[in-house]
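Down below is the structure, laid out as structure tokens.
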Amino acid sequence: MEMDKDMESYDAKGHYYIVKNSGKPDIKEPYFYNYYNNSDKEELITTVAYPIKHDAQTVGVAGVDIPMSDFQKLVDEINIYPGTQAYLVSQNG
């Protein structure tokens with residue numbers, strides 16, 4: 001297998017390689033992440049990753065981490081009928 005020069009280490013189970021090798025976009029289940037190396041600052045996020053293709057070959061991956069609080073703001077605005085509530089549930093609940 002050819003090693004990607006932009007990666008410091010190869011982890012075949014890592015999100016980058018899952019998307020790169022499958023050639024399909026992926027959204028990770030929400031997970032807690034600590035951006036500031038401070039256990040008090042963990043944030044619930046999801047990662048959206050999309051393969052970058054050139055001549056029908058996947059050559060890289062573009063991804064973004066999105067705080068679940070951003071989704072919660074959108075869900076809070078959903079009001080189909082008075083007295084109803086909307087919920088956002090991941091595939092695994």
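Residue count for the stretch 55-68 under the criterion of being open to solvent by 60 Å² or more (accessible area, probe 1.4 Å) and either among the polar types (S, T, N, Q) or in contact with a Cys (Cβ under 6 Å, 6 or more places away or on another chain) (or both): the result is 1. Against the numbered list (1) surrounded by fewer than 11 Cβ atoms within 10 Å (Cβ to Cβ); (2) at pLDDT 95 or above, residue 37 comes up short only at (2).
Is one or more of the residues making up the stretch 70-82 of a type in the set (Val, Ile, Thr), surrounded by 10 or more Cβ atoms within 10 Å (Cβ to Cβ) and out of contact with any Asp or Glu (no Cβ under 6 Å at 6 or more places or on another chain)? Reasoning before the result, please.
Quick first cut of the stretch 70-82, residues of a type in the set (Val, Ile, Thr) only: 75, 78, 80.
After this cut, where a residue has to be surrounded by 10 or more Cβ atoms within 10 Å (Cβ to Cβ) as well, the list is 75, 78.
The next check asks that each one be out of contact with any Asp or Glu (no Cβ under 6 Å at 6 or more places or on another chain); those that pass are 75, 78.
Scanning the stretch 70-82 turns up at least one residue that is of a type in the set (Val, Ile, Thr), surrounded by 10 or more Cβ atoms within 10 Å (Cβ to Cβ) and out of contact with any Asp or Glu (no Cβ under 6 Å at 6 or more places or on another chain).
The values are calculated or read from the model by the stated rules, or taken from the named source; none is laboratory data. Everything numeric in this text was worked out from a predicted model, so none of it was measured. Glycine gets a Cβ as well: all are built from the backbone with ideal geometry, and neighbour counts include every protein chain shown. Surface accessibility is based on the protein's heavy atoms, side chains included, excluding ligands, DNA and RNA. Shrake-Rupley method; radii C 1.70, N 1.55, O 1.52, S 1.80 Å.
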